[in-house]
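The values are calculated or read from the model by the stated rules, or taken from the named source; none is laboratory data. Predicted model, so just to flag it, every value in this text is computed and none were measured. So basically every Cβ, Gly included, is an ideal-geometry build from the backbone, and we count neighbours across all protein chains shown.
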Amino acid sequence: MKLYGPSYILDEKIVSREELAAAGYSQKKLDEAYQGTIAYSILSQHSVNGAEKGKTICVKFDAMASHDITYVGIIQTAKASGLTKFPLPYVLTNCHNSLCAVGGTINEDDHLFGLSAAKKYGGIFVPAHQAVIHTYMRECYAKCGGMILGSDSHTRYGALGTMAVGEGGPELVKQLLEMTYDIKYPDVVAIILKGAPRKGVGPHDVAISIIGEVFKKGIVKNKVMEFIGEGVENLPVEYRNGIDVMTTETACLSSIWKTDYKVKEYYAIRGRADDYKKLAPKKLAYYDEVIEVDLGEIEPMIALPFHPSNAYKLSDLIANPGDILSEATKNINELLGGKVKMDLTKKIKKDGVYVEQAVIAGCAGGTYDNIAESANILRGKTIGNGEFTLSVYPGSQPVFTELVNNGSIAALMKAGASVRSCFCGPCFGAGDVPANDCLSIRHTTRNFESREGSKPLEGQISAVALMDARSIAATAANGGKLTSALDYDYDANIPPYHHDDSSYKSRVYNGFGKAKAAEPLRYGPNIADWPKIAALPDNAVYKIAAVINDPVTTTDELIPSGETSSYRSNPLRLAEFALSRKVPEYVGRAKAIKGESDEYVSSGVLPEEYVAAVKAAGLTIAGSTYITSAIFATKPGDGSAREQAASCQRVLGGGANFAREYATKRYRSNLINWGMLPYLTQANFEVGDIVIVPGVKQALTEDRPFDLYIVRGGKVIKGDASVDKLTDDEKQIIKDGCLINYYANR
């Protein structure tokens, strides 16, 4: 893999500015070469104010998608803000809470709410077990040159010619209320694919290789990854989809691929030939970075806990497990901070490394090609009757139907695999939670700490390593002994795919353009409205309720996934889980600070501790002031788009995050849309610090730095903070207190 930095590409070959000048390209042509990318052609067609490098673009999407963890909150927010009908196709899938058993009716209550909302506002409702959200959107709504917004971070359909973005729920609310998605025109990174992958090397191997190379360097953070080069045509479309969906783990904004006859065939097979058109860069295009990937050099990979970027060649791990697993164990236990300990070296036996569980599932693993090729590997084999288990989840009912018809499912079941419904659960801890002290290998999207469902604070610990379905199947054929598919003898030819969407025709409710205003929304007892949220005052006083000094903090650590997902229709109930697996004292501290704030609001008397802090800082605060809690994290927000990572802090009385940087744009957007200031600062904090920001509203309005007075033990530490540039709308949302207030005030 080669990194080139900013480059001009002429006919898909890197050339210098001097060579172009010598060939007669004018300075104007060179300055405008950024318009030669596929990304520019799509963004310029979807931005209502045009697209210009360095300027803000205001995007309107062609369609949107949410699943049953997110759509209730989105619709409730939009309803509170004046929603009357869905102005664009909005797909509500039910693939996250369909098997998340917490007792009671709350999951099914959410599903019936979703169906009633689709009827009332004119939406598309995909019932539970029909399809994984991204598989359905690929099959039914992606189109060449289109743009889709989803309330799930893995909203990626670039291989099908669609620029797709995963964002927090409030950004979808804006689209429902016919506002725009406002961002600075993004940098575009060319991924030049060369050659062809070897037999046994799958899409996860390519994806993990790229993630391992770019994530920690931040090369593509908040940028668009554009896949070009002759190697693209050597990949089947589902292979491309498998790489594409994992671009989320690089922290990029979106992705797009050049399209060809294989993509044309993909659409035609699914009865949507008109949604295809050829996409390619212009003859000359400028890219902000260029990464060259030789597919023929990629080997089967493994991403060890706790991040997809912890990438190793599987052959290296098999040859040298002691050193690699010892180092991984050290890193795991440092991250766990002593809550519980895990020792991956215990997986080393006399003849190899053994794991206890394997899963092939979701938008990354559950594709037709992955499962069919895995079935070929396991045909006539057995996974054995010991500890090792294998679960397989097809991505959609049409995929499932075809795998049944051609015998792939039978081959997997005869080998001992358990074949499940179309469900995302194993990806976020709502299904197939491994036993304590066990390691699971998975062709899913993430392997963050505790995301697989274990609870370290209760003495439980298990972990996930990411691998491609082919090597997972080879491992399964060896009873759980880590095995590379590159070294495994099998028939890689799979039956052609035939698309039968009878299940969709039978069960999917398609109400777009047919809103029934009189239809009542169906509420369950767990579905609650958002509590009232205060506007930003003239001055802010924060008390630090949590300090996280880890290099990166994921959204799973800010609000755990898994069984907590069922409570996401109830803001206050879900908030009880905020930071529970990272800083379990946070909720109690935040509630205590909110109690102080509520007492201050009702009495008008600032509590004595805060009076002393203001006095120690030598301040005389004029105008309105409020007390809120705040957290510090070095780099928060990697991973999921879920808005609850921010909203749970907000409903507990949170008013800000302090950070060195934000891991993703989507988490920062969630903070803004929930009225929380996303401060950037080099100041250091301790739990219990009182942080005074005088004139916070005026500083926000004037785009100037914020003065920080950090009061600790009666002593004052002076500091400052900033926020990355905000649009006028974003400033107003923060001033109003949250997006709901912003719309109400309008």
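For region 68-87, the criterion of being of a type in the set (Val, Ile, Thr), closer than 30 Å to Ala515 by Cβ and surrounded by fewer than 18 Cβ atoms within 10 Å (Cβ to Cβ) is met by at least one residue. Only residues that are outside any strand (DSSP E or B), aliphatic (A, V, I, L, M) and touching a Phe, Trp or Tyr at 6+ places or on another chain (Cβ under 7 Å) were counted in region 640-657, giving 2. For Ser580, are the conditions met, namely being in a loop (DSSP other than H, G, I, E, B), in the same structural domain as Tyr679 (by TED's automatic domain parsing) and modelled with pLDDT of 90 or more? So Ser580 fits the description; yes.
From Lys119, Lys143, grab the single residue that is basic (Lys, Arg) and closer than 30 Å to Thr259 by Cα. On inspection, the qualifying residue turns out to be Lys143.
Residue by residue, here is whether (1) touching an Asp or Glu at 6+ places or on another chain (Cβ under 9 Å); (2) assigned to a helix (DSSP H, G or I); (3) buried (at least 21 other Cβ atoms within 10 Å of the Cβ); (4) among the aromatic types (Phe, Trp, Tyr) holds:
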position: Ala364; (1), (2), (3), (4): no, yes, yes, no
position: Asp369; (1), (2), (3), (4): yes, yes, no, no
position: Gly380; (1), (2), (3), (4): no, no, no, no
position: Leu390; (1), (2), (3), (4): no, no, yes, no
position: Thr401; (1), (2), (3), (4): yes, yes, no, no
position: Val404; (1), (2), (3), (4): no, yes, no, no
position: Ser421; (1), (2), (3), (4): no, no, no, no
position: Gly429; (1), (2), (3), (4): yes, no, yes, no
position: Asp437; (1), (2), (3), (4): yes, no, no, no
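Could you say whether any residue in region 548-564 is touching a residue at least 60 places away in the same chain (Cβ under 8 Å), closer than 22 Å to Ile740 by Cβ and of a type outside the set (A, V, I, L, M, F, W, C)? The answer is yes; a qualifying residue exists. Taken over region 111-138, the criterion of being part of a helix (DSSP H, G or I) and crowded, with 24+ Cβ neighbours inside 10 Å is satisfied by Gly114, Ala117, Ala118, Tyr121, Ile133, His134, Thr135, Tyr136, Met137, Arg138.
Only a single criterion out of (1) crowded, with 24+ Cβ neighbours inside 10 Å; (2) among the hydrophobic types (A, V, I, L, M, F, W, C); (3) under 30 Å from the mean Cα position of the chain (by Cα) is not satisfied by Ile332, namely (1). When Gly653, Gly639, Gly595 are screened for being in the same structural domain as Asp720 (by TED's automatic domain parsing), under 20 Å from Trp530 (Cα atoms) and surrounded by 24 or more Cβ atoms within 10 Å (Cβ to Cβ), only Gly653 passes.
Select from region 609-639 the residues that are in contact (Cβ under 8 Å) with a residue 60 or more places away in the chain and assigned to a loop (DSSP other than H, G, I, E, B) and list them in ascending order. The answer is Ala617, Gly618, Leu619, Ile621, Ala622, Gly623, Ser624, Thr634, Lys635, Gly639. Among the conditions (1) free of Cβ contacts under 8 Å to residues at least 40 places away in the same chain; (2) over 25 Å from Tyr90 (Cα atoms); (3) out of contact with any strand residue (DSSP E or B) (no Cβ under 7 Å at 6 or more places or on another chain), Glu52 misses just one, which is (1). Condition first: modelled with pLDDT of 95 or more, under 25 Å from Leu193 (Cα atoms) and in contact with a Gly (Cβ under 9 Å, 6 or more places away or on another chain). Can you find one or more residues in region 314-321 that meet it? No, region 314-321 has no match at all.
Residues Ile494, Ile472: which one is of a type in the set (Val, Ile, Thr) and more than 29 Å from the chain's Cα centre (by Cα)? Give the derivation first.
Numbers: Ile472 fails: more than 29 Å from the chain's Cα centre (by Cα).
Matching residue, one of Ile494, Ile472: Ile494.
Of the residues making up region 656-691, those that are among the small types (Gly, Ala, Ser) and closer than 26 Å to Lys532 by Cα number 4.
Within region 142-155, the set of residues being crowded, with 23+ Cβ neighbours inside 10 Å and assigned to a loop (DSSP other than H, G, I, E, B) comprises Ala142, Ser151, Asp152, Ser153, His154, Thr155.
Quick one: in region 161-188, of everything that is of a type in the set (Gly, Ala, Ser) and in a strand (DSSP E or B), which residue is surrounded by the most Cβ atoms within 10 Å (Cβ to Cβ)?
Taking region 161-188 and keeping what is of a type in the set (Gly, Ala, Ser), we get 161, 164, 166, 168-169.
In the following step, the residues that additionally are in a strand (DSSP E or B) were identified as 164, 166.
Working: Ala164: 29, Gly166: 24.
So, considering only residues that are of a type in the set (Gly, Ala, Ser) and in a strand (DSSP E or B), the one surrounded by the most Cβ atoms within 10 Å (Cβ to Cβ) is Ala164.
Can you spot a residue in region 503-526 that is over 30 Å from Ser116 (Cβ atoms), in contact (Cβ under 8 Å) with a residue 24 or more places away in the chain and not in a loop (DSSP other than H, G, I, E, B)? No: region 503-526 contains no residue that is over 30 Å from Ser116 (Cβ atoms), in contact (Cβ under 8 Å) with a residue 24 or more places away in the chain and not in a loop (DSSP other than H, G, I, E, B). Of the residues contained in region 163-186, none is found to be in the same structural domain as Leu83 (by TED's automatic domain parsing), over 27 Å from Glu643 (Cβ atoms) and in contact with an Asp or Glu (Cβ under 9 Å, 6 or more places away or on another chain).
Among the conditions (1) more than 21 Å from Leu43 (Cβ to Cβ); (2) at pLDDT 95 or above, Gly218 misses just one, which is (2). Would region 228-242 turn up any residue that is farther than 19 Å from Ala196 by Cβ and not assigned by TED's automatic domain parsing to the domain that holds Leu149? So far as region 228-242 goes, no, none of its residues is farther than 19 Å from Ala196 by Cβ and not assigned by TED's automatic domain parsing to the domain that holds Leu149.
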